[in-house]
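Visitor: My structure is below; once you've seen it, I'll send some questions.
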Amino acid sequence: MRDLTCAENIKVLASRRGLSLSELARTLGKTPQNFTQQLARDDFRVSDLQKIAAALGASFQYDFIEYDEKNS
C-alpha cells in the first residue's frame, strides 16, 4: 500500500472534520480556486502544512529518517 500524498491527506482530514475544501481555503485566507490548484500540484511549504493542520485540528510532523546501510 502506498503512502498518501500531502494533498490526499488534507482531503481525508477535511472530510473527516466535515469541512469542505472551499471552507478550508477560506479559513486559510486563500481563494478556493487557488487552494484547489495548490492541492492539484501537491505543492506546499512546511509553513502551509502547519497552518492547514491547525485549521483541521491536527498537528503536522515532518521528519527525515536516516537509514543505515543494512536497511537501505
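Derivation of every value follows stated rules applied to the coordinates shown; laboratory data play no part. Everything numeric in this text was worked out from a predicted model, so none of it was measured. No Cβ is skipped: glycine too gets one built from the backbone with ideal geometry, and neighbour counts run over all protein chains shown.
Visitor: Restricting to the stretch 17-47, give me the number of residues that are of a type in the set (S, T, Y) and either on the phi > 0 side of the Ramachandran plot or in a helix (DSSP H, G or I) (or both).
Guide: Within the stretch 17-47, the subset of a type in the set (S, T, Y) is 20, 22, 27, 31, 36, 47.
Of the ones still in play, those that are also either on the phi > 0 side of the Ramachandran plot or in a helix (DSSP H, G or I) (or both) are 22, 27, 36, 47.
Residues flagged as of a type in the set (S, T, Y) and either on the phi > 0 side of the Ramachandran plot or in a helix (DSSP H, G or I) (or both) within the stretch 17-47 amount to 4.
Residue by residue, here is whether (1) touching a residue at least 40 places away in the same chain (Cβ under 8 Å); (2) charged (D, E, K, R); (3) surrounded by 15 or more Cβ atoms within 10 Å (Cβ to Cβ) holds:
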{"site": "D3", "(1), (2), (3)": "no, yes, no"}
{"site": "E23", "(1), (2), (3)": "no, yes, no"}
{"site": "K30", "(1), (2), (3)": "no, yes, yes"}
{"site": "F35", "(1), (2), (3)": "no, no, yes"}
{"site": "R41", "(1), (2), (3)": "no, yes, no"}
{"site": "D48", "(1), (2), (3)": "no, yes, yes"}
{"site": "S59", "(1), (2), (3)": "no, no, no"}
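Visitor: A further question follows. Confirm whether D42 is of a type in the set (D, E, K, R) and in contact with a Ser or Thr (Cβ under 7 Å, 6 or more places away or on another chain).
Guide: The answer is yes for D42.
Visitor: Right, next: For the stretch 1-32, give me each residue that is among the acidic types (D, E) and within 9 Å of the chain's Cα centre (by Cα).
Guide: E8
Visitor: Moving on. Based on what the data block shows, is F35 within 14 Å of the chain's Cα centre (by Cα) and of a type in the set (A, V, I, L, M, F, W, C)?
Guide: For F35, the condition - within 14 Å of the chain's Cα centre (by Cα) and of a type in the set (A, V, I, L, M, F, W, C) - is met.
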